[in-house]
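Trainee: Before anything else, here's the structure in question.
Just so you know, all these numbers are worked out from the coordinates, no wet-lab data involved. Being a predicted model, the structure only gives us computed values, none of them experimental. Note: ideal-geometry Cβ built from the backbone for every residue, glycine included; neighbour counts use all protein chains shown.
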């Protein structure tokens, strides 16, 4: 991953078209140097969350969040990613 967070997230949308149908929010917190988020909470039902995990999307988002904390200044990063049917917004 070498692009801005928005570009990397757009690549995930291309790789996993199901994200284009997703309407939900992912809240996260991750510390610098960690490979997985300390906190990663969806506002989606449990069945859909398991489906995302089976497809490998959850793992890819964990890698994306580890990249994100390196992109930001400071030792930790928290925020949210809002998915809105093909569009998304990352905020800290």
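Trainee: Work out the P(r) tail for the chain: percent of alpha carbon pairs separated by more than 23 Å, whole number.
Mentor: Every Cα pair in the chain considered, those over 23 Å come to 15 percent.
Trainee: What is the spin-label model distance, in nm, from residue 41 to residue 67 if the labels are put 7 Å beyond Cα along the C-beta direction?
Mentor: 2.6 nm
Trainee: Ok, one more. Rounded to the nearest 500, what is the 222 nm mean residue ellipticity of the chain from helices alone, with -39500 (n - 2.57) per DSSP H run of 4+ residues and division by all residues?
Mentor: Result for the chain: -11500 deg cm²/dmol, rounded to the nearest 500.
Trainee: So what is the relative contact order for the chain, in percent, with contacts set as C-alpha pairs under 8 Å and at least six apart?
Mentor: Computed value for the chain: 37 percent relative contact order.
Trainee: Going by average Cβ neighbours within 10 Å, how do the peptides 43-55, 19-31 rank, with the highest at the top?
Mentor: 19-31, 43-55
Trainee: Give me the angle, in degrees from 0 to 90, between the Cα long axis of helix 57-71 and the longest principal axis of the Cα atoms of the chain, rounded to the nearest 10.
Mentor: 30 degrees
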